[in-house]
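Just so it is clear, none of the values below were taken in a lab; they were calculated from the coordinates. Note that the coordinates shown come from a computational prediction; the quantities given were computed from them, not determined experimentally. With ideal geometry, Cβ positions are generated from the backbone for all residues, glycine too; neighbour counts draw on all protein chains shown.
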């Protein structure tokens with residue numbers, strides 16, 4: 001009877017986890033290995049696949065469009081991370097009991113519930129060279145007009161700014177949740193020790209927000225690396241292909257009317273996956289190391 005009870009206790013959690021594990025394996029793990037496999041072939045998606053080894057990766061190293069896409073992804077990574085401190089400071093502002101705070105929360109939360117397509121359209125209108133609000137505002141100060149999305153040197157930054165709007169709202173939500181879990185006793189102890197302002201924020205509040213910061217980093221990095229919809233809506237990779245990122249270039253090569261090179265597209269997907277793996281692996285290792293230090297201090 002004891003053996004049966006122990007077996008039931010051990011098996012029951014796995015029965016509940018089984019559907020999730022099955023779907024994760026079918027829709028995530030297997031496609032990852034399948035992408036690695038397809039990247040070693042020349043295949044149009046319909047006919048017979050021809051094994052070519054690492055030739056797709058060799059071609060990537062000399063592909064100017066791939067280099068532009070990779071560099072744009074680096075820019076997305078650097079500037080998209082501004083959503084994290086932006087979300088934190090908005091959350092600190094909203095984590096107060098002042099009159100009308102619910103209205104402010106709704107206004108800051110609003111971008112998060114918008115579709116990326118809607119965000120792209122809104123900013124496309126905002127950036128219009130003549131009728132757009134941006135150039136009307138610049139005209140008040142005697143500046144402009146500027147064609148943000150038509151200038152190869154500005155277009156990528158204009159799209160990143162559009163993406164930062166809802167991403168900052170998402171980070172704000174994470175930090176608002178984290179602030180609700182901040183230990184008030186530590187804050188009171190800090191006040192008794194003379195901590196206030198930036199010292200209170202840096203030494204007492206931010207260390208307690210590490211779980212929220214970890215999630216914000218991971219989600220923001222993934223969002224920066226898989227940015228596709230805003231680019232597709234706002235510039236379609238232009239002007240002159242200067243706003244492409246790896247995910248968009250992968251689509252162009254594998255699925256667009258000018259592509260149908262599934263092997264080459266899979267090679268781009270593998271590179272993108274490995275970049276994500278490096279960042280996410282680093283953050284997971286950092287969190288694991290902190291947990292080890294906290295649980296088993298030397």
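Mean residue ellipticity, 222 nm, helices only, the chain: the sum of -39500 (n - 2.57) across DSSP H runs of n ≥ 4, divided by residue count and rounded to 500, is -21500 deg cm²/dmol.
Taking 4 °C and 1.567 mPa s as conditions, the range 41-115 diffuses translationally at an estimated 76 µm²/s according to Stokes-Einstein applied to its Kirkwood radius (Cα pairs).
Rounded to the nearest angstrom and listed largest first, the equivalent-ellipsoid semi-axes of the chain from its Cα gyration tensor are 37, 34, 17. Working ranking of peptides 34-44, 273-283, 110-120 by packing, defined as the average number of other Cβ atoms within 10 Å per residue, highest first, is 34-44, 110-120, 273-283. Packing around the peptides 63-69, 184-190, taken as the average count of other Cβ atoms within 10 Å per residue, puts them in this order, highest first: 63-69, 184-190. Cα centroid separation, the range 222-290 to the range 38-111: 7 Å. Listed peptides 167-174, 249-256 appear in the order 167-174, 249-256 once ranked by packing, highest mean of other Cβ atoms within 10 Å at the front.
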